[in-house]
Each structure stands twice: as structure tokens, then as C-alpha cells.
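What follows draws every value from the coordinates through simple rules; no lab data is involved. Computed from a predicted structure; not experimentally measured. Glycine also receives a Cβ, built like all others from the backbone with ideal geometry; neighbour counts cover every protein chain displayed.
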Amino acid sequence: MSLQRKLLDLKLQAALAVRHAQGWQRLIDLYGEDRATAFYQHLGLNHLPAKSVEWEGLQLSRQPKDYEALQVKAVAAAQDSAKERLTNLLLVIRNSLTDDALKMLTVLSPPNYHKLIVTVSDTDREHLRDAVTVTFNDGRLLIAAQRGIKADDADDFDGDLDQLTSITTSRLANDVQARVTGAAARYALLGQSGATLVTSVTGDVRTASTAYVDRVATGLANRTISFGRSVEAARYEWQRIEYSALLDVNTCGPCLDADGQEAASEDDLTPAPNPECEGYDNCRCFHVFVQD
Ligand SMILES: [Zn+2]
């Protein structure tokens, strides 16, 4: 695209944005900001940045309620440390998958790029499985600490933890395959082949951003902690259970809707992390177990 054309596009976009803003301004002038906001959100356009509050060193979506205040620090700390532990491990695993994929690329011709398949090694998988167990137990300990009881060994949740591990290894493998074959096809289209192509692809994938790994680690950390909390909580009586979007600083519409939901059982609450969360893996919502 020529620079001149690009500038025309920018001006057009800007003109449309001004018209869009004027339309909403007119509604505010006619009906007041509250009603215009309600209408805006009713259309599903709820990406108005929420006001976050600073509370004892944490950035929260609102002031915590009393019983949330007792738990939120420990939950946030557990999520953060699990995320760090898992991110480091997943980066190592992704590197070795990338090595494998680049090796395979040297023997594939462009029409066969889709046959490139990588698998996480047994050792790497075991390391990840161990980290998932540690994270699960961290989740259980949060509830045990809340009840002032030392957590016993959990019953058999191996199947569930195996599954969380497998979902994660398959997400990583898919990502590496897609990146490597995508880059290879792009360079093949540009006429590259052989060692030149492999060098180009290697450059691309070695400098790829770690954002995806970060997201996968966050999703796994929050889901596993939440699972540990549920397993432990199921052993006690609770007055009620509440959904809390306290830790999602930029709370999305679906999480905001669920915030403060109450039920006698977790099954009757929106799951946390929330499958509908617009931040996907980044959802930090959790269930608060309330006892008198
Ligand atoms: Zn959420």
C-alpha cells in the first residue's frame, strides 16, 4: 500500500471515529450520562475501563467485602507464584519443541509442511505434571488455612490433573507447529528453500513473543488453583459461596455480571475462572467460601 493511500485510510478512520463519538455525545446530551451508559452497555459495548482501587498493595476491581478481604491476598499470591513457576517451565518445554520442529522441517518439502507434528517428551511432561500437582495443593492449602486445618492427602484426582497437563502440552505443541509451518510456508512462497529457508524460520520462531506461553501458564495456574480450592472446600460446610471478580482489574462484561452471585453450592455459580471471560486465560475470578 502506498503511503498516500495509507494516509487517506487513516483520515477516513478518524472521520468515522469522530462521527461515532458525536453520536454517543448526542445521546448523553439528550438523556444524561447514566442512561446513555446503560444503553451503551446494553448493546454489549461494555469496554469502558473500570475504575480499579488500590487495596493493601493489590490492584482490585473494587473494595473487597469483609470475608473477601480475608482471602484475596492469599489467592492473589498463589495465582502469581503458580503463574511464575508454570511460565518458566512452559518456556523450557516450548524451546525443546521448537528444536524438534526445526529439525523436522529440514526433511519436509512445502507440500508436506502440514505433516509436521511435535510431541512433548516424557520427561518434560512429568515435570509439568509435578508442577500441576504443586499448584493443585497450593489451591487446597488456601481453603485448609481458611479453616485452620492442615490439609490431608487428597483423594485420587490424578485423572483430572493428568488432563490439565495434557491440555497444556497439546496447546504448546499446536502453537509451535503452527508457528513453524506458518513461517516455513511464508518463506517458501517467497522463493526460499533448503538451508536458507530453515535459517529464516529459525530467526522468526526464536524471536517470537512469549505472550502465548504467558497466557497458557496463567490459564493453567488459575484453573488448577481453583480446582484445588473446590476439592478442599467440598469437605466442609459453608454458609454460602460467592463469585468474586475482585482480582480482574479490567473486569469484562460477563465477569462483572457474575460478580457477587451467591449460591449454596459451587455448581449453581458461574464457574471461576469464567469460560465466558473476554480475557480468556487471563480470568482471575474465584469463588469465595463464606462461613459464619
Ligand atoms: Zn474473570
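Just a few scattered comments:
- The Kirkwood radius of region 20-170, taken over pairs of alpha-carbon atoms, gives through the Stokes-Einstein law at 20 °C and 1.002 mPa s a diffusion coefficient of 104 µm² s⁻¹.
- Diffusion coefficient, µm² s⁻¹, Stokes-Einstein with Kirkwood Rh over alpha-carbon pairs of the chain at 20 °C and 1.002 mPa s: 96
- Relative contact order of the chain, pairs being alpha-carbon contacts under 8 Å that are 6 or more residues apart, as %: 22
- Nitroxide proxy distance, nm - points 7 Å out along Cα→Cβ at residue 121 and residue 292: 5.8
- All-pairs alpha carbon distance profile, region 140-292, 5 Å steps from 0, percent: 1, 8, 14, 15, 14, 13, 9, 7, 6, 5, 4, 2, 1, 0, 0
- Contact order normalised by residue count of region 194-292, Cα under 8 Å, 6+ apart, percent: 33
- Over the chain, dividing the summed -39,500 (n - 2.57) contributions of all DSSP H runs of at least 4 residues by the number of residues returns a 222 nm mean residue ellipticity of -21500 deg cm²/dmol.
- Ranking of 287, 114 by neighbouring Cβ atoms within 10 Å, starting from the fewest: 114, 287.
- Amide H contacts for residue 53 (H built 1.01 Å from N in the peptide plane; partners 5 or more residues away or on another chain; cut-off under 5 Å): 60, 61, 62.
- Paramagnetic label zone (point 7 Å from Cα along Cα-to-C-beta, residue 52; backbone N under 11 Å) in region 230-255: 247-251
- The phi torsions of region 24-31, fed into the Karplus equation with coefficients 6.51, -1.76 and 1.60 and a -60° offset, translate into couplings of 6, 4, 4, 5, 5, 4, 6, 10 Hz, rounded to whole numbers, with Gly and Pro shown as x.
- Its alpha carbons give region 132-175 an Rg and a Dmax of 13.5, 43 Å.
- Candidate lysines - alpha carbon under 26 Å from residue 103, same-chain residues fewer than 8 apart omitted: 115
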